[in-house]
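Asks: I have a structure here, written as structure tokens, and I will follow up with some questions on it.
Each value in this text was obtained by applying a stated rule to the coordinates, not by laboratory testing. What you see is a predicted model, and the numbers here were worked out from it, not measured in a lab. Note: ideal-geometry Cβ built from the backbone for every residue, glycine included; neighbour counts use all protein chains shown.
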Amino acid sequence: MIALLILSATANAPDLHFLDLAARSGLTVPNTFGGITKKDSILESTGTGVAIFDFDNDGFNDIFIANGPPNRSQLYRNDGAGHFTEVALQAGLTRTGWAQAACAGDIDNDGRTDLFVTYYGHNSLYRNLGNGKFEDVTARAGLPVDGNRWGSGCALIDYDRDGLLDIFVANYVDLPSAVPKPGSSSNCEWKGMPVWCGPHGMPQARHALYHNNGDGTFTDVSAKAGILAPGGCYGLGAVSADFDNDGWPDIYVACDQTPSMLYRNRHDGTFEERGDAAGVAYNADGQLQAGMGIAVGDYDGNGFLDIAKTNFSGDRPSLYRNEDGSFFEDVSLPSGLGRNQLLGWGIAFLDIDEDGWPDLVLANGHVYPEIDRSTGKPTARKRSSTATSATANSPTSPTPPALPSLRAAPAEASPLAISMATAAPKL
Ligand SMILES: [Ca+2]
Ligand SMILES: [Ca+2]
Ligand SMILES: [Ca+2]
Ligand SMILES: [Ca+2]
């Protein structure tokens with residue numbers, strides 16, 4: 001069901017070939033998340049974020065994959081010779097449950113990369129002990145260890161620039177204790193078939209920001225920092241990047257069928273939500289989209305980081321060109337992203353042909369297994385108000401992007417954190 005689509009930044013697609021080495025490399029644990037042919041709850045519809053980082057400091061990046069029932073999350077250790085071994089249990093990553101996103105970063109500045117995993121219920125912070133093991137320090141850190149919040153995306157961000165990584169969490173829906181049955185209302189049908197209910201009809205979740213106190217504990221500063229001020233959304237992917245080049249990291253949240261959010265860092269420990277004002281809350285026609293994953297990169301070389309976002313089937317992926325740090329233009333159509341309107345999850349800027357221009361890689365799939373029994377063309381979800389006609393929605397100024405003056409910087413050597421359907425920005 002998952003397809004890989006590769007879009008070239010140039011008019012003439014280069015001759016590229018990829019070999020699937022997953023099985024040969026030892027990446028063999030199935031990635032099922034809930035039901036395979038049928039899903040009864042929206043809880044089964046997300047999940048399986050990935051973090052690629054060097055957990056044992058041997059110089060080779062390892063792979064963490066968040067997972068849920070019937071599986072558990074996996075940690076694949078890279079032996080440096082092309083083979084991975086699954087070591088999650090030995091490494092102390094034993095928690096089961098509905099794991100969603102993963103963010104890797106050195107929370108305590110001890111030189112060892114720690115791991116934060118979002119879950120339905122409560123999230124987990126794992127401190128890297130340096131002996132091949134992690135310790136779950138969620139409770140000791142003062143982070144919630146109960147409740148039923150649905151952590152979806154995450155971003156490690158030093159928002160106050162005190163040298164300590166803080167934690168931002170995007171939340172999806174406040175899931176009712178009794179989830180309605182598939183087909184029980186119009187929110188639980190798709191193409192005439194009963195499917196899991198939501199997110200429409202369920203309360204939108206609000207996001208969270210935890211300040212790193214530097215003594216191993218964190219403080220929930222969501223209200224004080226202005227994260228709660230704009231209210232909630234159906235948040236999925238989250239990414240931190242400096243979109244206005246003022247040296248302070250901002251936060252973008254892809255929201256599902258609700259306006260996506262851009263939190264601008266105000267340098268005083270607070271944020272201002274200006275997704276609508278900046279032009280990254282809706283598509284070019286002012287319509288809501290089902291935002292899922294986010295990629296950040298300066299695709300046109302103008303010195304400002306741009307945003308790409310995956311959306312639902314029957315809609316196009318988004319490409320927001322950062323004009324001046326304060327306003328973005330939706331150039332999805334003139335950039336050619338309207339050609340394939342599949343349901344996208346993960347997305348990343350990646351210079352696959354090494355010509356200096358960041359290309360886009362999108363991982364597509366679906367949320368309803370029932371699509372495998374559907375004969376029709378996938379369409380946008382009910383009430384999602386997504387664009388369906390490329391010709392009717394052409395932006396008025398399809399200006400080609402400016403040529404870059406320099407080759408793209410080489411890929412950064414620091415740990416790469418890919419939260420749920422979210423690629424780390426190339427800064
Ligand atoms: Ca390693
Ligand atoms: Ca550490
Ligand atoms: Ca900080
Ligand atoms: Ca740019």
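Asks: Report the convex hull volume per residue for segment 1-146, counting only C-alpha atoms, in Å³.
Replies: 157
Asks: Kindly write out, for segment 185-200 in residue order, the coupling ³J(HN,Hα) from the Karplus curve 6.51 cos²θ - 1.76 cosθ + 1.60 (θ = phi - 60°), rounded to whole Hz, with x marking Gly and Pro.
Replies: Using θ = phi - 60°, the values come out as 7, 5, 7, 10, 9, 8, 6, x, 10, x, 9, 4, 8, x, x, 4 Hz.
Asks: At 0.36 nm per residue, and after removing the present C-alpha to C-alpha distance, how many nm does the segment from D276 to T37 gain when stretched out fully?
Replies: 82.3 nm
Asks: Which far-off residues, 5 or more places away or on another chain, put their amide H under 5 Å from the one on A241, with H placed in the peptide plane?
Replies: Those lying under 5 Å, H to H, from A241 are D250, I251, Y252.
Asks: When the Debye formula is applied to the Cα atoms of segment 163-225, each taken as the same point scatterer, what base-10 log of I(q)/I(0) results at q = 0.24 Å⁻¹?
Replies: Debye curve over Cα of segment 163-225, log10 I(q)/I(0) at q = 0.24 Å⁻¹: -0.94.
Asks: Quickly work out the E135-to-N148 label distance, labels modelled 7 Å from Cα along the C-beta direction, and quote it in nm with one decimal.
Replies: Once both label points are built, they end up 3.3 nm from each other.
Asks: Could you give the length gained on full extension between D79 and L350, defined as 0.36 nm per residue of separation minus the Cα-Cα distance, in nm?
Replies: Gain on stretching D79 to L350: 95.1 nm.
Asks: If you take the Cα atoms of segment 85-165, find Rg, then find the Kirkwood Rh from the mean of 1/r over all pairs, what is Rg/Rh?
Replies: Here Rg/Rh amounts to 0.96.
Asks: Of the cross-linked pairs K133/K224; K39/K309; K181/K224; K38/K309, which ones have a Cα-Cα span greater than 30 Å in the structure shown?
Replies: Table pairs above 30 Å Cα-Cα are K133/K224; K181/K224.
Asks: Rounded to whole Hz and in sequence order, give me ³J(HN,Hα) for segment 30-44 from the Karplus expression 6.51 cos²θ - 1.76 cosθ + 1.60, θ = phi - 60°, writing x for Gly and Pro.
Replies: Each residue's phi maps through the Karplus curve to give x, 9, 9, 9, x, x, 8, 9, 7, 10, 8, 10, 4, 4, 8 Hz.
Asks: Any chance you could check the Cα centroid distance between segment 11-74 and segment 287-366 for me, in angstrom?
Replies: Answer, in whole Å: 21.
Asks: In nanometres, what is the gap between the two model label sites at T28 and T219, each 7 Å from Cα along Cα-to-Cβ?
Replies: 5.0
Asks: Another one. How far, in nm, would the chain grow between R339 and N245 when pulled straight, counting 0.36 nm per residue and subtracting the alpha carbon separation?
Replies: Extra length available between R339 and N245 comes to 30.7 nm.
Asks: Turning to a different aspect of this structure: Got a sec to turn the phi values of segment 139-151 into Karplus ³J(HN,Hα) couplings, 6.51 cos²θ - 1.76 cosθ + 1.60 with θ = phi - 60°, whole Hz, x for Gly and Pro?
Replies: 5, 4, 7, x, 7, x, 10, 8, x, 9, 6, 10, x
Asks: Could you compute how fast segment 205-334 diffuses translationally, taking Rh as the Kirkwood radius over C-alpha pairs and applying Stokes-Einstein at 37 °C with viscosity 0.692 mPa s? Give it in µm² per second.
Replies: The Stokes-Einstein estimate is 220 µm²/s.
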